[in-house]
Amino acid sequence: MNTSSTYNVVIFLNSTFYTNSLDQIIEPLISNQSAIVYLFNIHNQEKLDLTHWEKKNNNIKVEEITSQFVPPTLTEETLVIDALFGFELQHPLSGGFAAVARLINSSKSTVVSIGAPSGLFPEDNTTNNLNHIIKANYTILTEEPPLACYFDENQPFLGQWNILPINPKKEEDLVPFTSEEEVIDIIKPRRRFSHKGTYGHGLLVAGSLGMAGACSMAASASLKSGIGLLTIHTPLCNRAIHQVSTPEAMVDCDTNEICFSQLLDTTGYKAVAVGPGLGLAEESATALQHLILQCDELGTPLIIDADGLNILANYPHLYRNIKGAILTPHPVEIERLIGKCNNSYIRLNRAIEFAKKFEVFIILKDAYSFVICPDGSYQLNPTGNEGMATGGSGDVLTGILLALRAQGYSQEECIKLGTYIHGKAGDLAALEVGKIGMTAQDIIKYLPKAWKELSETALKYNGFNLFSNSTN
Ligand SMILES: NC(=O)C1=CN([C@@H]2O[C@H](COP(=O)(O)OP(=O)(O)OC[C@H]3O[C@@H](n4cnc5c(N)ncnc54)[C@H](O)[C@@H]3O)[C@@H](O)[C@H]2O)[C@@H](O)CC1
Ligand SMILES: Nc1ncnc2c1ncn2[C@@H]1O[C@H](COP(=O)(O)OP(=O)(O)O)[C@@H](O)[C@H]1O
Ligand SMILES: [K+]
């Protein structure tokens, strides 16, 4: 047998593999280079005969593997094509296939997986053997991505992935994403004869000594998302900061110099958001419990973020008092509520269980954020980018959500529209200033443009639902 070190391209091909990929993907990848195909004609399957293909391309040699095979030498220069398994696997790779995965993973070759990095399951990889999944540099998906593609821990297997939908999925099998059509149906126009009272008075309870910024960014984001009136409740030490940074907002100072401590009356507020930069002081924990009970009793729409969630996690008996609230945890914050999770799939499912059990709405924030409703349904948010991985981005989202709840949007409308516009503003910021240099303040800066573009699209495509949906 030839040693493969003489070949530029080494292909591991399974006979069950969708054969369209041969001419549509594999041939163009090989181009005119010398290539060897290790063809695994799997038991019980119809045999794949590549004799004709081999004859047509004289740079390609096909070697059928029936039992043992001498593993090829894979060098830094070799291009490895993994065309063994797509996303249909239900058991970890074993035997010879596991050995191939280990061989490829220990090499320095560039690896292109087709269909899936062989060995990866489409959703739940909890029972998988992670050492037996091929680590690709690039994956060419032959159908729309399953859930596993949106989880952080699977990216080392997938590498950079792209979709070439040779095998398009049925609508009902697609991972659900919030669409632009959906959000333009949600967004409401501003009435010509409206006033600040029309768009709600929101209360932002945020900030502490050293974290005026979190409060300030949430406040600015609210103000740039259409809120009618905004009151900031914050410790005394930050009063001057907010009066200067957001003069449009009123500042209601806590009696405590450095942290949130007062028992608040939420009467008169259309919505309350609590948490950004709040800190974890004991006084704040007491005041937060009171605030949660108040909102529950008065039915005040509530958004809980950041340290609000961190404090809440210490008082599980209060979970039954947050019915109808919106929670906006990042992965570390949600685990304080639902316990440590071994992977993103478990985390998502436990978050869904939590949403169902306590009838709350959750935005599980990450590179792809999940918006989860109490009926257990969820959607992924399609907007946003890695430039948003910077302190304060989440505080901006909280501000947006407060503005939307104050304006009367329902929780479901609010989480879908809010995450969408947050990511869109981030995308506009990235377009203008780039992903490295952008900050949370740039997301705020581009919020008005994001709202403008989305409103114009809404007006163009559905006349803004002027008659069915407007605030009056
Ligand atoms: N300028 C300011 O005043 C700022 C204040 N902040 C406030 O600081 C307080 C603490 O919040 P933190 O979130 O920093 O602290 P946490 O202790 O909740 O979480 C911090 C850890 O979570 C990790 N993490 C975050 N997102 C993750 C993801 N998607 N996947 C995996 N790991 C992830 C981070 O790497 C970090 O190690 C909050 O009240 C927050 O509002 C922050 O928002 C940053 C800016
Ligand atoms: N890589 C990324 N791609 C898209 N969005 C991101 C990315 N990283 C962070 N984000 C978004 O930025 C926000 C970060 O929130 P969070 O972690 O609470 O930040 P902070 O506490 O600093 O305000 C979330 O909305 C998250 O979805
Ligand atoms: K594959």
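With the requirement that a residue be under 20 Å from residue 219 (Cβ atoms) and either part of a helix (DSSP H, G or I) or of a type in the set (D, E, K, R) (or both), what does the range 433-448 give you?
Passing the criteria: 440, 441, 442, 443, 444, 445, 446, 447, 448.
How many residues are buried (at least 20 other Cβ atoms within 10 Å of the Cβ) and within 17 Å of residue 392 (Cα to Cα) when one looks only at the range 239-260?
Total satisfying the criteria: 2.
Which of the helices (runs of 4 or more DSSP H) found entirely inside the range 147-239 contain at least 1 residues meeting this: within 24 Å of residue 364 (Cα to Cα), touching a strand residue (DSSP E or B) at 6+ places or on another chain (Cβ under 6 Å) and within 14 Å of ligand 2 (Cβ to nearest atom)?
Output list reads 212-223.
State whether one or more residues within the range 393-408 are hydroxyl-bearing (Ser, Thr, Tyr), closer than 28 Å to residue 322 by Cα and in contact with an Asp or Glu (Cβ under 9 Å, 6 or more places away or on another chain).
Quick first cut of the range 393-408, residues hydroxyl-bearing (Ser, Thr, Tyr) only: 393, 398.
Now narrow it down to the ones that are closer than 28 Å to residue 322 by Cα: 393, 398.
Filter once more, keeping what is in contact with an Asp or Glu (Cβ under 9 Å, 6 or more places away or on another chain): 398.
Looking through the range 393-408, at least one residue is hydroxyl-bearing (Ser, Thr, Tyr), closer than 28 Å to residue 322 by Cα and in contact with an Asp or Glu (Cβ under 9 Å, 6 or more places away or on another chain).
Tell me the helices (runs of 4 or more DSSP H) entirely within the range 327-432 that contain at least 1 residues that are more than 18 Å from residue 447 (Cα to Cα), at pLDDT 95 or above and out of contact with any Pro (no Cβ under 8 Å at 6 or more places or on another chain).
331-338, 344-358
Which one is farthest from the chain's Cα centre (by Cα), of the residues in the range 266-317 that are of a type in the set (Val, Ile, Thr) and over 19 Å from residue 216 (Cα atoms)?
267
Say whether the condition of being free of Cβ contacts under 8 Å to residues at least 12 places away in the same chain, over 27 Å from residue 457 (Cα atoms) and not in a helix (DSSP H, G or I) is met by at least one residue in the range 247-255.
Scanning the range 247-255, I find at least one residue that is free of Cβ contacts under 8 Å to residues at least 12 places away in the same chain, over 27 Å from residue 457 (Cα atoms) and not in a helix (DSSP H, G or I), so the answer is yes.
So which residues in the range 261-282 are closer than 18 Å to residue 361 by Cβ and surrounded by fewer than 24 Cβ atoms within 10 Å (Cβ to Cβ), if there are any at all?
The one that is closer than 18 Å to residue 361 by Cβ and surrounded by fewer than 24 Cβ atoms within 10 Å (Cβ to Cβ): 270.
Select, from 394, 399, 408, 426, the only residue that is buried (at least 23 other Cβ atoms within 10 Å of the Cβ) and more than 7 Å from ligand 2 (Cβ to nearest atom).
399
Quick test for you: out of 135, 47, 55, 108, pick the one residue that is surrounded by 16 or more Cβ atoms within 10 Å (Cβ to Cβ), of a type in the set (Lys, Arg) and not assigned by TED's automatic domain parsing to the domain that holds residue 382.
Details: 47 fails: surrounded by 16 or more Cβ atoms within 10 Å (Cβ to Cβ); 55 fails: surrounded by 16 or more Cβ atoms within 10 Å (Cβ to Cβ); 108 fails: surrounded by 16 or more Cβ atoms within 10 Å (Cβ to Cβ).
Checking each option against the conditions leaves just 135.
Of all residues in the range 67-87, count the ones that are part of a loop (DSSP other than H, G, I, E, B) and closer than 21 Å to residue 7 by Cα.
Qualifying residue count, the range 67-87: 12.
The values are calculated or read from the model by the stated rules, or taken from the named source; none is laboratory data. All figures in this text were calculated on a predicted structure; none of them were measured in a lab. Methodologically, a virtual Cβ is constructed for each residue, glycine included, from the backbone with ideal geometry; neighbour enumeration extends over all protein chains shown.
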